[in-house]
Amino acid sequence: MRTAVVRVDVDPIGELAPEQLEAGMAALRELAAQDGAEVVDAGVAGMPVGRRIARLLIAGTEEDVIDIGVRLCASAFGTVPAAGVVTYLSRGTDDDVHGVLAGLGLTGEVARAPGVDGLDVVSVTLAEPDMQRVGESRIHTALEASLNCEVHIHSR
């Protein structure tokens, strides 16, 4: 399962004092740990209104991780938090390949083989209609950027 970096504005209207923000971050760390998530430390208390963004590492689908992040922040801070941008950590795994493909609305078969330099070569086989719908260069670029390895794309 992919790990998302979920960004949540914990105090969008600026109602919390620095001490409340610090207490909220402590509560968020505890709640996140109970949910199997992790908080990336940030000086939220020193951030200006509109940029009081907590970052959480949560494994799951995009819809799930956003809901979890907002719920955890609402509980920790007692505010109505606003969901922000979600990005993903990449560890170069097959789950990352499938996640990138899913983000493009694709599914495919993944195979790995060692390359001549000892690094993995990832081969992805996609249905021809999918490759016509989403350009091969776009797919290739997204996969190489996520995996940081050589990628070969094939059609069936």
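By DSSP, the beta bridges lying fully in the chain are antiparallel in about 80 percent of cases. Based on DSSP H segments of at least four residues, each scored -39500 (n - 2.57), the chain has a per-residue ellipticity at 222 nm of -12000 deg cm²/dmol. When the trypsin sites (Lys or Arg not before Pro) in segment 63-117 are filtered for DSSP coil states and for at most 15 other beta-carbon atoms within 10 Å of their beta-carbon, the remaining sites are Arg91. For the chain, the Cβ-based charge dipole about the Cα centre amounts to some 220 debye (Lys, Arg positive; Asp, Glu negative; other atoms uncharged).
For segment 73-121, taking the reciprocal of the average inverse distance between every pair of different Cα atoms yields a Kirkwood hydrodynamic radius of 14.1 Å.
FYI, it's all coordinate maths here, none of it is from the lab. All values derive from a computational prediction rather than experimental measurement. Quick reminder, even Gly has a Cβ in these numbers, built from the backbone with ideal geometry, and neighbours come from all protein chains shown.
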